Amino acid sequence: MKRVYPDKEYCIGCHLCELACITAHSASKDLIIAYRDERAASGLSPCKRVFEKGDTCVAISCRHCDEPSCVAACISGGLHKDPETGRTVYDRDKCVGCWSCLMACPYGAIRRHPIENKIVKCDLCEGRAEGPACVQACPNAALKYEER
Amino acid sequence: MLFQPVNKNYHEFCIDRDPDLCISCKVCVRQCSYQAHFFDEARQKVVHDNTKCIGCHRCEALCPTAALNIRNKPSDFRTNKLWRPVFLQNIYKQADTGGVLLAGMGSPVDIPVYWDRMLLDASQVTNPSIDPLREPMELKTFLGAKPRKISVENDKNGKPSLKTKLSPQIELEVPIMFAAMSFGAINFNLHQAMARAATETGVVYNTGEGGLHKSLYKYGRNTIVQVASGRFGVHLDYLKAGVGIEIKVGQGAKPGIGGHLPGEKINDKVSETRMVPIGSDAISPAPHHDIYSIEDLLQLIFALKEASEYKVPVAVKIAAVHNVAAIASGIVRAGADIVTIDGMRGGTGAAPAMIRDNVGIPIELALAQVDQRLRDEGIRNQASIVAAGGIRCSADVVKAIALGADAVYIGTATLIAVGCTICGRCYTGKCPWGIATNDPKLSKRQNPDIAAKKLTNLIHAWGHEIEEMLGGMGLNSIESLRGNRDKLRGVGLSDTELDILGIKHAGR
Ligand code: SF4
Ligand code: SF4
Ligand code: SF4
Ligand code: SF4
């Protein structure tokens, strides 16, 4: 399956991928409204985080693992592996906010929702015609959406 | 504002931040390597300090809401044709520092750009123009000494073969090369990008004076290695690594001046390639200490030919200065296979501003004079001429070739293709576009995959345009344009200028 692969050699730590992510997952689909209003109102936050250490940066989001620890850890069936697309899918309605997945994910790719008892996790911009927004926004081709 | 020297107010740029658009996302804060943007904790928003901005436009390019505009500071000094603002600002600066004014990039001064005063011809009625999309068009160029005449012999079946022994040549698919920009002055990512793009497009790039990193030897078929006065990174394998060797005597942006790569730019990779210790300044002396005459130059040319077993042509690069034609003639007589003339608008990583802006002559005049002189002396075939310094577009390339160049070097244009905005602060090592810097955080802004693609596109684009212009003139090969000054006409030039350029005025 196609996944988003970060390239830490050329990630420049601009965080534009995070901004693209929140825009794609916002109600308004407008960066300015999403950043200014929706973040505060609905706790909109990016599924992807850029980590920096020294001169190195890397943008981390869900790897959509073949054998996902999060799915194994989930107590409520809120996470499952879609057999057709291969994606690790989050079902917000089933999630009870126990954070088991958050602790199980070896990549630290799941985060708490800032205001609700829910999680925030990459869905590869499900349904977005242009594919993942972060990949499209990255100015340095440090994110690749491809089969490997 | 308070507690800062008054001349801090004479900064060059203003940062316009549209408050309706700015979301304080800090992208600009992270991008500006001059710390002009910062997050103000008291106001809880991103603000800026205009005095720190050097006008590179990096923040503007990456701001996701297009909230930024970088403008020249609108405040004007009292109009004075003699004391233009730049002179005032320079004096204020020097009165503070007591130092030499440093500058990066090519000279911005207002000397005539002759490219803009020359127009090309096209075919009408009497000779047909050629459509390069339908008919063959040859841009292939060979650099190196050409025989005065060739002799051919026929074997007993009448099959002809060439008897004359040809000198080694550099083969170019398009008469454009990436100019010498040393590894150190620009970073490894861009060296790799130039090497890959040259390979992809069938042209060559010049290593500059900083040696060749071992991982780039595999691009040798598309590499010219340079030997300059500092002899950085020069050893036998290096001399044999490329398809040509260039002795750099001078640089258009700073004739008569050496080079100085500050220790901060010498990281491990630069150090091993240049063969100098990490962190030590790499100083190229102004002269080659073994060249004080044409005879000395001859010795070096032949030492290099000997070392490379006469397998590659040797070029000599000089800055365009007053007696350039006579000097070029001496260089050819000394055995150079290629003469590179670098005009005064050529780029540089660092040069004293006074030298850059006041020394040398424009490439167009130098090129025309060198070509004419070599022809008059009957030695034009002994060397190819490469023009460099201020070639901005494919029409400049075509005009240079019509004036007598065999090929051109593009340096500044190469950097612009990968993002350079000619802010002219290459000497600070803080290039926000990740070009003239070895800071790992900045140099990774140049992803070689992207950079190589852009450079490849540039060569292809210019190649297509050159074909179009040639076709329009009814020519089907670049060879027919070379030194064909009848294809050029001057506009608004004096008789002296026309005479030096060897062209007629438009209308004649
Ligand atoms: S959330 Fe973590 S464990 Fe689950 S699929 Fe994604 S990367 Fe794997
Ligand atoms: S947009 Fe690209 S370069 Fe910028 S932080 Fe994200 S992955 Fe890194
Ligand atoms: S990058 Fe643009 S939107 Fe973000 S803080 Fe800077 S000016 Fe504001
Ligand atoms: S990034 Fe460049 S243009 Fe923007 S504020 Fe900094 S120096 Fe000025």
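The values are calculated or read from the model by the stated rules, or taken from the named source; none is laboratory data. Remember, it's a predicted structure, so these values are computed and weren't measured experimentally. All Cβ positions, even for glycine, are placed from backbone atoms using ideal geometry, and neighbour counts span all protein chains on display.
The figures follow:
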quantity	calculated
Members of the stretch B:485-508 found to be in a helix (DSSP H, G or I) and among the polar types (S, T, N, Q), listed by number	B:THR496
Unique match (being within 14 Å of another protein chain (Cβ to nearest Cβ) and away from ligand 3 (no atom under 16 Å from the Cβ)) among B:GLY490, B:GLY483, B:GLY434	B:GLY434
Residues (outside any loop (DSSP other than H, G, I, E, B), over 17 Å from B:LEU261 (Cβ atoms) and among the polar types (S, T, N, Q)) located in the stretch B:282-299	B:GLN299
Residue within the stretch A:41-57 that is touching a Lys or Arg at 6+ places or on another chain (Cβ under 8 Å), assigned by TED's automatic domain parsing to the domain that holds A:LEU16, among the hydrophobic types (A, V, I, L, M, F, W, C) and away from ligand 1 (no atom under 12 Å from the Cβ) present	yes
Every residue from the stretch A:16-42 that is closer than 18 Å to A:ALA109 by Cβ and away from ligand 3 (no atom under 16 Å from the Cβ)	A:ALA24, A:HIS25
Scope the stretch A:4-24; condition at negative phi and either facing chain B (nearest Cβ under 7 Å) or free of Cβ contacts under 8 Å to residues at least 24 places away in the same chain (or both); matching residues	A:GLU9, A:TYR10, A:ILE12, A:CYS14, A:LEU16, A:LEU19
Enumeration of residues in the stretch B:28-45 that are within 14 Å of another protein chain (Cβ to nearest Cβ) and within 11 Å of ligand 4 (Cβ to nearest atom)	B:CYS28, B:VAL29, B:ARG30, B:GLN31, B:CYS32, B:SER33, B:HIS37
Residue satisfying all of: in the stretch B:6-27; away from chain A (no Cβ under 14 Å) and in contact with a helix residue (DSSP H, G or I) (Cβ under 7 Å, 6 or more places away or on another chain); nearest to B:PRO64 (Cα to Cα) among these	B:ILE15
Members of the stretch B:288-317 found to be of a type outside the set (A, V, I, L, M, F, W, C) and surrounded by 14 or more Cβ atoms within 10 Å (Cβ to Cβ), listed by number	B:HIS288, B:ASP296, B:GLN299, B:LYS305, B:SER308, B:PRO313, B:LYS317
Matching strands (runs of 3 or more DSSP E) fully within the stretch B:13-103 where at least 2 residues are at pLDDT below 95, more than 16 Å from ligand 2 (Cβ to nearest atom) and not hydroxyl-bearing (Ser, Thr, Tyr)	none
Considering residues of the stretch B:435-453 that are within 21 Å of B:GLY424 (Cβ to Cβ) and in a helix (DSSP H, G or I) only, the residue nearest to the chain's Cα centre (by Cα)	B:ALA451
Residue in the stretch B:394-413 that is without any contact (Cβ under 8 Å) to a residue 60 or more places away in the chain and part of a loop (DSSP other than H, G, I, E, B) present	no
A:ASP37 being of a type in the set (Asp, Glu), in contact with an Asp or Glu (Cβ under 9 Å, 6 or more places away or on another chain) and within 14 Å of chain B (Cβ to nearest Cβ)	no
Filtered residue count, the stretch B:458-484, keeping only those that are in contact (Cβ under 8 Å) with a residue 24 or more places away in the chain and in a helix (DSSP H, G or I)	17
Selection count where residues are in a loop (DSSP other than H, G, I, E, B) and not charged (D, E, K, R), scope the stretch A:110-145	17
Flag for A:THR56 being at pLDDT below 95 and away from ligand 4 (no atom under 16 Å from the Cβ)	no
Filtered residues of the stretch B:35-50 (kept if surrounded by fewer than 18 Cβ atoms within 10 Å (Cβ to Cβ) and either touching a strand residue (DSSP E or B) at 6+ places or on another chain (Cβ under 8 Å) or hydroxyl-bearing (Ser, Thr, Tyr) (or both))	B:PHE38, B:PHE39, B:ASP40, B:LYS45, B:VAL47, B:ASP49, B:ASN50
Residue within the stretch B:90-102 that is surrounded by 11 or more Cβ atoms within 10 Å (Cβ to Cβ), out of contact with any His (no Cβ under 8 Å at 6 or more places or on another chain) and closer than 17 Å to B:GLY346 by Cα present	yes
Condition met for B:PHE39 (outside the structural domain of B:VAL359 (by TED's automatic domain parsing) and over 28 Å from B:LEU261 (Cβ atoms))	yes
Meets criteria (facing chain B (nearest Cβ under 8 Å), in contact with a helix residue (DSSP H, G or I) (Cβ under 7 Å, 6 or more places away or on another chain), away from ligand 4 (no atom under 16 Å from the Cβ) and in contact (Cβ under 8 Å) with a residue 60 or more places away in the chain) for A:LEU31	no
Matching strands (runs of 3 or more DSSP E) fully within the stretch B:135-224 where at least 1 residues are of a type in the set (S, T, N, Q)	B:141-143, B:152-154, B:160-162
